[in-house]
Amino acid sequence: MGEIYVIKANGEKELFSEDKLRASIKRAGIPDSYSSRLISQIKEVLYPEIPTSIIYKHITNFLYGIPHSSGKYMLKQAIMDFGPSGYPFEKYIARILSYRGYRTEVDVIMQGRCITHEVDIVAENEHGKYLIECKFHNLPGKRTDAKVALYIHSRYEDIMLGEYRHEKRENCKMWLVTNTKCTTDALSYAQCSGMTVYSWGYPTQTSLQHLIEDRKLYPVTCLSTLSKKQKDLLLSNDIVICQDLLHKKEILERLNLSHQERRKVLSETEELVG
């Protein structure tokens, strides 16, 4: 097969990489016995400048035939399914941090020197405090740009001169967490200003994707055994992470599930977090 370029969600062209596809399939925990067959099927449908959304659709259709495999692979889309408000995304990030040992508060009103600010998450651990802005996108291809980084930095500076004026800066950091990628300018500004960024695929070893997969902290929107309406009901009851569902199984009684359907939901949930 000669070189084939694909069209990403943001309109950019990229050379199709079998290694990259294989790595993403492996990261989702797809058994080796299936991965080679899946890759062969994808290569058969490739054509010049094929949209990655078409490749993604072929993959997810294939994975639906493998019990509990589609949820992990569809992680990025599952997070976008939090939309459109973005508030469940804030709660999800707070829950991820809680499971990683942080104490968290969501939607905290803080006084700056000039104005008051609503901070998405204030997190704390033994190393210090963290003022966190969650930038959520529910459309593929959208990137978080430098304007967001500039806003976070200016708000941080106002708070550090206001409510946190007695805090040492080395003990109080600013974070940007986003479910998509950042522009080059946004990352450059973040690095220059001392801002920590967790985005999709960045930093390489500690990206948002890694923070989720490392501890298997998958959102309930990954569950293929539930309808969108049922997932929305869970989110409205602050069940945003699969571990939460296992700790509060009684919520399933409100989803009008049969005994068999309930067993399937719990089986898939346990598989995702196990």
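At-a-glance table
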{"item": "Choice from 133, 14, 105 showing the highest fluctuation, given a GNM over the chain with Cα pairs closer than 10 Å", "result": "14"}
{"item": "Highest-first arrangement of 181-190, 88-97, where packing means the average Cβ count within 10 Å", "result": "88-97, 181-190"}
{"item": "Relative contact order (%) - criterion: Cα under 8 Å, at least six apart; region: the stretch 87-214", "result": "21"}
{"item": "Peptides ranked, highest mean first, by Cβ atoms within 10 Å: ranges 216-225, 111-120", "result": "216-225, 111-120"}
{"item": "Per-residue Cβ neighbour rank within 10 angstrom, fewest leading, 135, 142", "result": "142, 135"}
{"item": "Of 269, 150, 75, farthest towards positive along the dipole that unit charges on Lys, Arg, Asp, Glu beta carbons give the chain", "result": "269"}
{"item": "Distant-in-sequence amide H partners of residue 129 (H built 1.01 Å from N, under 5 Å)", "result": "172, 173"}
{"item": "Built amide H within the under 5 Å cut-off of residue 197, gap 5+", "result": "176"}
{"item": "Principal semi-axes in Å for the stretch 87-214 [√(5λ), Cα gyration tensor, largest first]", "result": "22, 17, 14"}
{"item": "Contact order normalised by residue count of the stretch 219-273, Cα under 8 Å, 6+ apart, percent", "result": "44"}
{"item": "Paired Rg and Dmax values of the stretch 5-68, which use every Cα atom, in angstrom", "result": "11.7, 33"}
{"item": "Principal axis dimensions, largest first and in whole angstrom, of the chain by Cα", "result": "60, 51, 29"}
{"item": "Hz values of 3J(HN,Hα) by residue in the stretch 82-98 - Karplus curve (6.51, -1.76, 1.60), Gly and Pro given as x", "result": "5, x, x, 6, x, 4, x, 5, 4, 5, 5, 4, 4, 5, 4, 5, 4"}
{"item": "Alpha-carbon centroid distance for the pair the stretch 113-137 / the stretch 202-217, whole angstrom", "result": "20"}
{"item": "Radius, Kirkwood style, for the stretch 219-273 when every pair of distinct Cα atoms is counted (Å)", "result": "10.8"}
{"item": "Per-residue [θ]222 nm for the chain (sum of -39500 (n - 2.57) over DSSP H runs n ≥ 4, rounded to 500)", "result": "-13000 deg cm²/dmol"}
{"item": "Pairs of lysine residues in the stretch 219-273 - Cα separation under 15 Å, sequence separation of 8 or more or cross-chain", "result": "4"}
{"item": "Environment charge at residue 184 (Cβ cut-off 13 Å; Lys +1, Arg +1, Asp -1, Glu -1)", "result": "-1"}
{"item": "Residues of type lysines that residue 173 reaches as a straight line, Cα spacing below 22 Å, ignoring anything fewer than 8 places off in the same chain", "result": "91, 129, 135, 147, 181"}
{"item": "All-pairs alpha carbon distance profile, the stretch 181-274, 10 Å steps from 0, percent", "result": "15, 38, 22, 17, 7, 1"}
{"item": "Charge tally in the Cβ shell below 12 Å around residue 11, where Lys, Arg are +1 and Asp, Glu are -1, residue 11 excluded", "result": "+1"}
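Computed from the coordinates by the stated procedures, all read-outs in this text should not be read as laboratory data. Note that the structure is predicted; figures quoted are calculated from it, not measured. For neighbour counting, all protein chains shown are included, and Cβ atoms are generated from backbone atoms with ideal geometry for every residue, glycine included.
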